[in-house]
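Shown next, in structure tokens, is the structure this report addresses.
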Amino acid sequence: MFINTLQISTKRVNSSLSKVRTLSVSDKRGIAGGHNKMTEHQRNYVINHINKFPRYKSHYCRAHRNEQEFLPVGTTLPLMYKLYNEETPKKDCVSFSSYRKIFLTEFNLRTKAPKKDTCNKCDTFQAKAQSTSSIEEKQLLKSEHDAHLLEAECARKQMEADLKEAFENNELETLTFDMEKTLPLPRLTTNIIFYKRQLWLYDCGIHSGKNNKAVCNLWIEGQAGRGAQEVGSCIKKYVKNNVPETVKRLILWSDSCGGQNRNIKIILMFKCVLEENPSLDSIQLKFLTSGHSFLPNDSDFGDIECALKRQQKLFSPEDYANVIKGCRKRNPIEVVFLEKNDFVGTGNIEKLITNRKKDVNETKINWLQIKEIKIQQDKPYSIFIINMHNAPDYSEINIKKRQGRPKNVDNHIIFLNNLEPLWPRGKPVAQAKLDDITSYLHLIPAADQPFYLHLTGDAILEEDIDGYNVAALDFELESGSD
Ligand SMILES: [Zn+2]
């Protein structure tokens, strides 16, 4: 029956059995240890290879006291393994699963930066609901979560209404703004580039509700950082050059991620925008719920990133600008290059005011929970805030210093003339990055090299995966309890 079932010959079985009986074969299964067991040499080779990739910190993880480091955006394990495979002699190569195992066990490295667009609240609700067995508690969590989702939905609908109104109403302009993820320069086709740091190009996108047009404001990290004041500087320039004098109300929508768009520096910057554009009566800053936001800028960035996928070589900011300008035929995106003088800081203005932590009713202010901020031309020393989108009224913060004699003010100008250059000598880049750039400079066409040669290095500067200046972040970080 055995022979028939397995469809084998009697002869084969007999010879096998006789070999076993005479002990001329022994069972060697599980003794050799597998032909693909790693040698120490192979293991070190993998470790050395992984060590060749540049690493970055993350301001996000810093807020969560996590020492994890990150590989450059786009560096995936399969890509790393592919490079390893190409560069390693065949006999020394280990399998992908062994490579992956070493990566996971020997390093505290991640290939993906933490996403800014996941919602802390949603994650918390989910985790809590899973860990409780009480039906009442589950129900309570669900109703809280529903309220949160409703709030996010309300904000989104309000933004759409504001954009539509700007299109129809001469006296209103609604702008949405966001920073695109950092764009690496140069882009080369050689593998070397995967092991080297690249210069970052920053893009602050502004989208208008009045004409549905998008503008990309570009600068490189050698000029300025990507903090609150840089973002404010871009909007200041945009408003001066683009918002018509018929507009009396300006509404600005952005993501509420972190504190980048909700802090005293950006408000003081907008106070200057009011002074610079006397036809404006008020500016309102409104925020989408982090993790639930989809700004018109996101689809602009999507079109840009789609066009970039088709590009293999980019050597200069102008190369990027050309891709951005040509990324879509309908409603093309405009590109503006920011210059040294465009970047202004509010350091001196902060000395002229008191950054109060309480409103006029003595209620404590939590900047990270503010859902709307309004400033008015006729109230230079007041900031109006709303904590919920559907809250009925603004509460007022008075930023006027209690003492001190009133300054001689030239009509309505109080703050504007106190703006200072933010990066008068440009901003140094991390020395390690500058060294890397020098090492592959020969791969860049001669005509584009001077651009890189003008950069200066700073040995202490810490590299952040999102291009922030970790040591000198000019806005408060989300603690996770927002
Ligand atoms: Zn959420």
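Values quoted throughout were computed directly from the atomic coordinates according to the rules given, and no laboratory measurement underlies them. Please read all numbers here as calculations on a predicted model, not as lab measurements. So basically every Cβ, Gly included, is an ideal-geometry build from the backbone, and we count neighbours across all protein chains shown.
Spacing of the modelled spin labels on R43 and Y381, each 7 Å from Cα toward Cβ, amounts to 7.0 nm.
What pairs in K181/K271; K236/K371; K351/K401; K157/K181; K210/K248; K210/K237 have C-alpha atoms more than 19 Å from each other?
On the way: K181/K271 27 Å; K236/K371 21 Å; K351/K401 9 Å; K157/K181 25 Å; K210/K248 13 Å; K210/K237 17 Å.
Beyond 19 Å: K181/K271; K236/K371; K157/K181.
Applying 1/(1 + (r/R0)^6) with r as the Cβ-Cβ distance of K358 and E160 and R0 = 35 angstrom yields a FRET efficiency of 0.55. Dividing the Cα radius of gyration of the chain by its Kirkwood radius returns 1.12 for Rg/Rh. Of interest is the spacing of the C-alpha centroids, which for segment 136-156 and segment 158-207 amounts to 30 Å.
Can you tally the net charge around I251? Count Lys and Arg as +1, Asp and Glu as -1, for every other residue whose Cβ sits under 10 Å from the Cβ of I251.
Values: positive: R249, K286, K374; negative: D162, E165, E173, E372.
With Lys, Arg at +1 and Asp, Glu at -1, the net is -1.
Relative to the longest principal axis of the chain, what angle (0 to 90°, nearest 10) does the C-alpha long axis of helix 228-242 take? Value to nearest ten degrees: 60. Among S134, S290, sorting on how many other beta-carbon atoms sit within 10 Å of each Cβ, with the fewest leading, yields S134, S290. The relative contact order of the chain, computed from alpha carbon pairs under 8 Å that lie at least 6 residues apart in sequence, is 18 percent.
When only Cα pairs below 8 angstrom with a gap of at least 6 residues are kept, segment 39-114 shows a relative contact order of 42 percent.
Please give the net charge around A214, taking every other residue with its beta carbon less than 13 angstrom from that of A214, where Lys and Arg add +1 and Asp and Glu add -1. My count for the surroundings of A214 gives -2. Taking Cα centre as origin and charging only the Cβ of basic (Lys, Arg, +1) and acidic (Asp, Glu, -1) residues, the dipole magnitude of the chain rounds to 2120 debye.
Put a dot 7 Å past the Cα of A459, heading toward its Cβ, do the same for N120, and the two dots end up 3.7 nm apart. Each pair of Cα atoms in segment 39-114 enters the Kirkwood radius, and Stokes-Einstein at 25 °C and 0.890 mPa s then converts it into a translational diffusion coefficient of 187 µm²/s. Between L6 and E106, the simple label model (points 7 Å from Cα in the Cβ direction) yields a spacing of 4.3 nm. From its DSSP helices (H runs of at least four residues, each -39,500 (n - 2.57)), the chain gives a residue-normalised ellipticity at 222 nm of -11000 deg cm²/dmol. With a sphere of radius 14 Å drawn around the Cβ of S395, what net charge do the other residues whose Cβ falls strictly inside it have (Lys, Arg +1; Asp, Glu -1)? Local net charge: +2.
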